[in-house]
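The values are calculated or read from the model by the stated rules, or taken from the named source; none is laboratory data. Treat the numbers as computed from the prediction; the structure is a model and nothing was measured. Because the Cβ atoms are built from the backbone with ideal geometry, glycine has one as well, and the counts that use them run over all protein chains shown.
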């Protein structure tokens, strides 16, 4: 039986080696793996994919879409932007393909066709260490609601490139989840505290302790034996030590050993089945694996019918449990040993009173009083150590009254009182605020894209940013802090609009507030640029209280859908801002190339001199012309098209000309602030120090998903 | 905030009392436990439920520190060498994160070995 066990043990070892050597990476479905490794939630690719035709497949994730294709049906992108309402689309180009008036691509390059409705940007990902470069073309729709990333399939040809793309996609995934709102949180939530814990020294020390304890439990016996009896080492002893190393306390029972071998062998087989055919990076994979194990939700996976996951992760937990049980005896032994030593050995009171008791008492008191910069982690350690020393002294029947001489007692008490009073004064009466400097990017990610939400604390400023060249406008909440084409930035409330500077932007968190701001100060409107995108029409009637205004529109007849034509009108009634939505009628298609539709606007609204009108229910690309007619048909109604863009915040922009200064108008009750330099960190620190922004703020750009840190 | 001040004042009063008035050992130790647990409670109140995780973590770290402090001095240095030897292997396999952990542990064991060499005989009487 003993020989059988030894034989099975060797077979087990050979099996492990054989199976491990068979694990190699393949290149099928690389892109899907990249998506998965980037953190986009894709529960099950096959069940969530939509087949448009035999060669096109759209893979759904929560809010984003991915396509891998050889040829696409016509108007695929209009389908994407209009009907599917996805925010992000990754397009991997495997062969020659042209999307009309957007781009031409092949498996190794993308050619931009200068589209009108999309803004083109090129993202260059550079791995200088390995001399690799990946170029991704991105197209953001003018109104900012959707972004298409075009990636040639050659970008996935080696692991370095794959890692670059994975890092970039991962940053996009994180940026897409950033919300505009920054609730003014005075107390941190549990999840924020947990985030802090994950970055704390405590966790680092805890990991070190866990690794050490495990290491000690596995190799402790071997080390102790080799240190004391290395001269007596022979094959049998070495084998027993190895057996003990692998099986732990199970090595004493042959049935337990057999059970352990079979469980582990089965796990290895399961693991090799489960392991993705492609492993971009071992570290990424291991990290992902650990995260998956920690985040595994049995009931969630069961409800989604993901039996593969359920079996693999449940079995992983079982194996971890088995290994822990195999070492449990040793752990108990170690704890017993420690307690017996603590009991057995006594402490030298004279030495301990100067090096531990006095400093600990002083520090504890200092930290309790000093709760403005409360380092509770440190206090916790001192407190636990104090408790330990206290227990030791109690066990040794030490009397504090006798331990310290009168002179020492007076010194301790007076220093405690002086320290506490000093701290109290500093905390309550000192005018000087001391700032702590930290890095603006608080995440370990290689690439960070915008928008980026920063959560920090009171009295924290930021160190200078890395060398990465930023060539796009940069905002912090509503404030413009950098623009590559200008050197001075004024941030003002829209009520202080001054037409001396024709280069300006109007920024707002919500669409409605932006419209309200523009309508309350109509001087802002005249210089606004108009391009394709979400349109607003500012209508300026020649006189008040008109009885009838007619909207006349000519529609392009390539628009086939029958739809209800609606308008939303924003206006001021006295000082109160109102909006009303009206159904004007149905668009039923047309007979000739162009069809004219005439609608009467409601009387109660057109009684206002100025109003903003938004067309709903029709894609503006199909509107050939639009005009307003009064009852007399002679007076001319002036109106101006305004393009409202939305990349995180809503904004409108004047036609920007080369100059030194640009003004950013915001529609909120924030204070005005100006910057005379292009130093991003300095301007951000001014906002933070002077409390223009809170402890949580968003850094964003009107160009979507731009790389902020790399 | 005020709770912190109250605890500070209470701690000072306790300190003055136990230093200048001869009290029975049980009362001194009992009041010490009450003051310590009040401060712990204060931390729990200030930080919320996460403090329990911090507390358990600190307890485990303290246990590991004592384990190393009370064990034979040779093992601290042996562990330091072992962790140091393993570090380049992880670097070779591009497991930089793991290598960093092992290197840090190697350094910590060297420090612990040094601390033990300097302090152990001064503090512990067997």
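The selection criterion, being touching a strand residue (DSSP E or B) at 6+ places or on another chain (Cβ under 6 Å) and assigned by TED's automatic domain parsing to the domain that holds residue A:91, does not hold for residue A:162.
When residues in segment A:654-700 are screened for being under 14 Å from residue A:489 (Cβ atoms) and either in contact (Cβ under 8 Å) with a residue 12 or more places away in the chain or part of a loop (DSSP other than H, G, I, E, B) (or both), 23 of them pass.
Annotation note: Cβ proximity below 8 Å between a residue of segment A:223-249 that is within 24 Å of residue B:73 (Cα to Cα) and within 14 Å of chain B (Cβ to nearest Cβ) and a residue that is modelled with pLDDT under 80 and in a loop (DSSP other than H, G, I, E, B) (sequence gap 6+ or interchain) occurs for A:226/A:233.
Restricting A:313, A:307 to those that are loosely packed, with under 12 Cβ neighbours inside 10 Å and modelled with pLDDT under 85 reduces the list to A:307.
Condition first: touching a helix residue (DSSP H, G or I) at 6+ places or on another chain (Cβ under 8 Å) and either assigned to a loop (DSSP other than H, G, I, E, B) or surrounded by 15 or more Cβ atoms within 10 Å (Cβ to Cβ) (or both). Now tell me which residues in segment A:487-506 satisfy that.
If we filter segment A:487-506 for residues that are touching a helix residue (DSSP H, G or I) at 6+ places or on another chain (Cβ under 8 Å), which is where we start, we get A:489, A:494-495, A:497, A:499, A:504, A:506.
Within segment A:487-506, A:489, A:494, A:497, A:499, A:504, A:506 meet the criteria.
What's the number of the condition residue A:204 fails, among (1) within 12 Å of chain B (Cβ to nearest Cβ); (2) more than 35 Å from the chain's Cα centre (by Cα)? Unmet for residue A:204, out of (1) within 12 Å of chain B (Cβ to nearest Cβ); (2) more than 35 Å from the chain's Cα centre (by Cα): (2). Would you check if residue A:457 is loosely packed, with under 14 Cβ neighbours inside 10 Å, in the same structural domain as residue A:705 (by TED's automatic domain parsing), at pLDDT below 80 and closer than 17 Å to residue A:687 by Cβ? Answer is yes for this residue.
Within segment A:519-564, the set of residues being under 30 Å from residue A:502 (Cα atoms), at pLDDT below 75 and in a loop (DSSP other than H, G, I, E, B) comprises A:526, A:527, A:529, A:530, A:531, A:532, A:533, A:541, A:542, A:543, A:544. Considering only segment B:61-77, I want to know if a residue exists there that is more than 8 Å from chain A (Cβ to nearest Cβ), assigned to a helix (DSSP H, G or I), over 19 Å from the mean Cα position of the chain (by Cα) and more than 19 Å from residue A:392 (Cβ to Cβ). Checking segment B:61-77: at least one residue is more than 8 Å from chain A (Cβ to nearest Cβ), assigned to a helix (DSSP H, G or I), over 19 Å from the mean Cα position of the chain (by Cα) and more than 19 Å from residue A:392 (Cβ to Cβ).
Residue check: is residue B:26 assigned by TED's automatic domain parsing to the domain that holds residue B:8 and surrounded by fewer than 17 Cβ atoms within 10 Å (Cβ to Cβ)? Give the derivation first.
Details: assigned by TED's automatic domain parsing to the domain that holds residue B:8: yes; surrounded by fewer than 17 Cβ atoms within 10 Å (Cβ to Cβ): yes.
In short, yes.
When restricted to residues that are surrounded by fewer than 17 Cβ atoms within 10 Å (Cβ to Cβ) and either facing chain A (nearest Cβ under 8 Å) or under 23 Å from residue A:194 (Cα atoms) (or both), segment B:5-15 contains 1.
If you check A:662, A:680, A:618, which single one turns out to be more than 16 Å from residue A:477 (Cβ to Cβ), modelled with pLDDT of 75 or more and surrounded by 14 or more Cβ atoms within 10 Å (Cβ to Cβ)? Steps first, answer last, please.
Numbers: A:680 fails: more than 16 Å from residue A:477 (Cβ to Cβ); A:618 fails: modelled with pLDDT of 75 or more.
Going through A:662, A:680, A:618 in turn, just one is more than 16 Å from residue A:477 (Cβ to Cβ), modelled with pLDDT of 75 or more and surrounded by 14 or more Cβ atoms within 10 Å (Cβ to Cβ): A:662.
Hey, any hits in segment A:516-524 for a residue that's surrounded by fewer than 16 Cβ atoms within 10 Å (Cβ to Cβ), closer than 30 Å to residue A:120 by Cβ and in contact (Cβ under 8 Å) with a residue 12 or more places away in the chain? Among the residues of segment A:516-524, not one is surrounded by fewer than 16 Cβ atoms within 10 Å (Cβ to Cβ), closer than 30 Å to residue A:120 by Cβ and in contact (Cβ under 8 Å) with a residue 12 or more places away in the chain, which makes the answer no.
Yes or no, residue by residue, for (1) in contact with a strand residue (DSSP E or B) (Cβ under 9 Å, 6 or more places away or on another chain); (2) facing another protein chain (nearest Cβ under 7 Å); (3) over 18 Å from residue A:392 (Cβ atoms):
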site: B:3; (1), (2), (3): no, no, yes
site: B:17; (1), (2), (3): no, no, yes
site: B:22; (1), (2), (3): no, yes, yes
site: B:29; (1), (2), (3): no, yes, no
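Scanning segment B:78-97 for residues that are over 21 Å from residue A:227 (Cα atoms) and more than 8 Å from chain A (Cβ to nearest Cβ) turns up B:87, B:88, B:89, B:90, B:91, B:92. On inspection, residue A:420 fails the criterion of being closer than 20 Å to residue B:10 by Cβ, more than 8 Å from every other protein chain (Cβ to nearest Cβ) and within 54 Å of the chain's Cα centre (by Cα).
Being in a helix (DSSP H, G or I), in contact (Cβ under 8 Å) with a residue 40 or more places away in the chain and in contact with a helix residue (DSSP H, G or I) (Cβ under 9 Å, 6 or more places away or on another chain) holds for only one residue in B:84, B:112, and it is B:112. All of B:36, B:104 fail the test of being within 28 Å of residue A:402 (Cβ to Cβ) and at the interface with chain A (Cβ under 7 Å from one of its Cβ atoms), apart from B:36.
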